[in-house]
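Here the structure is laid out as structure tokens; the discussion comes afterwards.
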Amino acid sequence: MKSNLERVLREKKFAVTAELGPPRGADPDNVREKARILKPYVDAANVTDNQSAVVYMCSLAASVLMIEEGLEPVFQITCRDRNRLALQSDLLGASALGIRNVLLLTGDHPSIGDHPEAKGVFDLDSQQLIQLTKKMREEGKLLNDRELTKSPDFFIGAAASPFNEPLEAHMMQMEKKVESGVDFFQTQIVYDLEKFKKWVSEVHERRIDEKAFIIAGVAPIKSLGMANYMKNYVPGVSVPDAVIKRLEKASDKKKEGIKICLEVIDEVKKIKGISGIHIMAIGWEEAVPEIVESAGLFPRPAFKE
């Protein structure tokens, strides 16, 4: 059975996904409340997996809570914290619990997180995990070729970083991920439209967008401090000086941040080869309804079972 996100994309609707950040605690109501905010406005929502190597409620538990609220999860799973046994086990468990979308990541190194002394596992990398997940789905086999009693049926996603250099190396990595089994990419946050359009042009030239759906990352900026932090410290994000200057001049930083986000969405919607947007507003989920409605992307497509 196809996921809602897969159906939206395959029927050539402009997809909308968002992110739901699990809490640093065991409160299920925190996840449920965020899920209720997002549900009417997105086709699916990513559940982050100890983002930035910081401890939060596990993405698998949060995904199940979202399903109970009627919101389809994109289950993020990283190679940082698990060896190949745990990765395969968690994927099988996720499928058994009704999860249909996965975003497969290598994961941030523990040294940047809140437990820098933790040992990173990295038994596999994201490309190997993609190959493994495709093998489980299409061959019904584990990594060691042992047969499964039931195959998981995942819509497989990966991350893309349009602003990473050198571009050629990044493109080769994307092509390898497509060959390994990726169905869709979600990109890093887009503020620099000029660079992003050049990246999309290269993606289109290599026909990557014909083999996998490309969902562009966007994010509302809450403050000038957030903008400067992303510009100076977040790898793979390009924040133009013009954006910084606009926020410096704005009397209402949050309002201006949403306005900038909407302008980016308006431009992204016009770019051939882009199949949707991924709104990254972790900790500011209440901004998502305003963004989706103002961007003319509400109501979301609905399908009869």
Fill in the blank from the handout: Residues of the range 141-160 being more than 15 Å from residue 87 (Cβ to Cβ) and either modelled with pLDDT under 95 or not in a loop (DSSP other than H, G, I, E, B) (or both), in sequence order, are 147, 155, 157, 159, 160
Fill in the blank from the handout: For the range 11-32 the number of residues that are part of a helix (DSSP H, G or I) and more than 18 Å from the chain's Cα centre (by Cα) is 4
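Rundown of residues vs (1) surrounded by fewer than 20 Cβ atoms within 10 Å (Cβ to Cβ); (2) at pLDDT below 95; (3) of a type in the set (Lys, Arg); (4) in a helix (DSSP H, G or I), yes/no style:
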residue: 9; (1), (2), (3), (4): no, no, no, yes
residue: 34; (1), (2), (3), (4): no, no, yes, yes
residue: 61; (1), (2), (3), (4): yes, no, no, yes
residue: 66; (1), (2), (3), (4): no, no, no, yes
residue: 74; (1), (2), (3), (4): no, no, no, no
residue: 88; (1), (2), (3), (4): no, no, no, yes
residue: 91; (1), (2), (3), (4): no, no, no, yes
residue: 94; (1), (2), (3), (4): no, no, no, yes
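Can you tell me which residue among 282, 244 is more than 20 Å from the chain's Cα centre (by Cα) and either surrounded by fewer than 21 Cβ atoms within 10 Å (Cβ to Cβ) or over 29 Å from residue 54 (Cα atoms) (or both)?
Values: 282 fails: more than 20 Å from the chain's Cα centre (by Cα).
Matching residue, one of 282, 244: 244.
Which one is farthest from residue 178 (Cα to Cα), of the residues in the range 193-236 that are small (Gly, Ala, Ser) and assigned to a helix (DSSP H, G or I)?
The initial filter retains those residues of the range 193-236 that are small (Gly, Ala, Ser), namely 201, 212, 216-217, 219, 223, 225, 227, 236.
Filter once more, so that each one left must be assigned to a helix (DSSP H, G or I): 201, 225, 227.
On the way: 201: 17, 225: 36, 227: 32 Å.
It comes out as 225.
Right, residue 275: in contact (Cβ under 8 Å) with a residue 60 or more places away in the chain and not hydrophobic (A, V, I, L, M, F, W, C) or not? Working first, answer last.
Working: in contact (Cβ under 8 Å) with a residue 60 or more places away in the chain: yes; not hydrophobic (A, V, I, L, M, F, W, C): yes.
The answer is yes for residue 275.
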Exercise for the section: Among residues belonging to the range 210-236 that are buried (at least 21 other Cβ atoms within 10 Å of the Cβ) and of a type in the set (Val, Ile, Thr), point out the one that is farthest from residue 197 (Cα to Cα). Expected result: 221
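The values are calculated or read from the model by the stated rules, or taken from the named source; none is laboratory data. Everything quoted here is computed from the prediction, not taken from an experiment. Please note: Cβ atoms are built from the backbone with ideal geometry, for glycine as well, and neighbour counts cover all protein chains shown.
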